[in-house]
Amino acid sequence: IPARNEEAHLGAALDAVCAQPESVREILVYDDHSADRTAEIVRAAAARDGRVLLIPPQPLADGWDGKPFACAQLAREAQGEWLLFLDADTRLQPGAADRIVADATERGVTFLSCWPGLELGGFWERVCMPMLNHVVFTLFPAPLSLKMRLPALGLAHGACLLMRREEYARTDGHAMVRRELFEDTALARAWRAAGLRGLCLDGQDVVKVRMYSSLAAIWTGFQKNAYPA
């Protein structure tokens, strides 16, 4: 979990991850130079669950954007066969980690992103946010992406990205998208371009996220995401 000033969300995200079974062997959180209680929240979780480990911030390397760099630091410290990258506001549902890995194994892919379900609070969230998933589920040619390996059909949601460690290391992982603002879909396309199999699946029953909680935040987020969409 890369986390920068995420004190409002990180506690609940860690609770959900710590509730996953022992097949989740380590829970790494990179403190991306936070100025709030992010590191304190991770230390408190580590006191309750020995799998939790706080990764201290490192100087941002030249030529990197913040989130890809944070994810690269996490991958460098991780020991598992599979790497599951989550946003700090992601909520894994019970048993989600095992289900995600099982689906990737069954489908023979080494990259799997779960498109999350949206947790909606206020009026404007309920009015505006469903449009995001509507765009993806109606316009993205999912049947073609299942059958064809074209890089252009790569799609991912940064809230939940699973990659097998061996292929991640062989392709240099997040280094492939070190300057990308929307590193998730760029990584999905780079993965396919490297000749590897990757998919994005409807994961609304295994992953939840509350992306924005005010009209101003929704407007800013829509402006930022309109062109990439």
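For a quick check of your reading: which helices (runs of 4 or more DSSP H) sit entirely within the range 139-226 and have at least 3 residues that are at pLDDT 95 or above and within 18 Å of the chain's Cα centre (by Cα)? Break it down stepwise before answering.
Details: elements: 142-147, 165-171, 183-193, 215-226.
Per the criteria, 165-171, 183-193.
Kindly indicate the residue of the range 193-203 that is in contact (Cβ under 8 Å) with a residue 60 or more places away in the chain and open to solvent by less than 60 Å² (accessible area, probe 1.4 Å) and also farthest from ALA152 (Cα to Cα) among those meeting that condition.
Initial filter on the range 193-203 (in contact (Cβ under 8 Å) with a residue 60 or more places away in the chain): 196-203.
Restricting the remaining residues to those that are open to solvent by less than 60 Å² (accessible area, probe 1.4 Å) gives 196, 198-201, 203.
Values: LEU196: 13, GLY198: 12, LEU199: 12, CYS200: 13, LEU201: 16, GLY203: 21 Å.
In this case the residue turns out to be GLY203.
Can you give me the number of residues within the range 170-192 that are free of Cβ contacts under 8 Å to residues at least 40 places away in the same chain and open to solvent by 90 Å² or more (accessible area, probe 1.4 Å)?
The total comes to 3.
Would you check if ALA102 is part of a helix (DSSP H, G or I), buried (at least 17 other Cβ atoms within 10 Å of the Cβ), at pLDDT 95 or above and among the aliphatic types (A, V, I, L, M)?
Spelling it out, it is not the case that ALA102 is part of a helix (DSSP H, G or I), buried (at least 17 other Cβ atoms within 10 Å of the Cβ), at pLDDT 95 or above and among the aliphatic types (A, V, I, L, M).
The values are calculated or read from the model by the stated rules, or taken from the named source; none is laboratory data. Everything quoted here is computed from the prediction, not taken from an experiment. For neighbour counting, all protein chains shown are included, and Cβ atoms are generated from backbone atoms with ideal geometry for every residue, glycine included. Just so you know, the surface numbers come from the protein's heavy atoms only, side chains and all, with ligands and any DNA or RNA stripped out. Shrake-Rupley method; radii C 1.70, N 1.55, O 1.52, S 1.80 Å.
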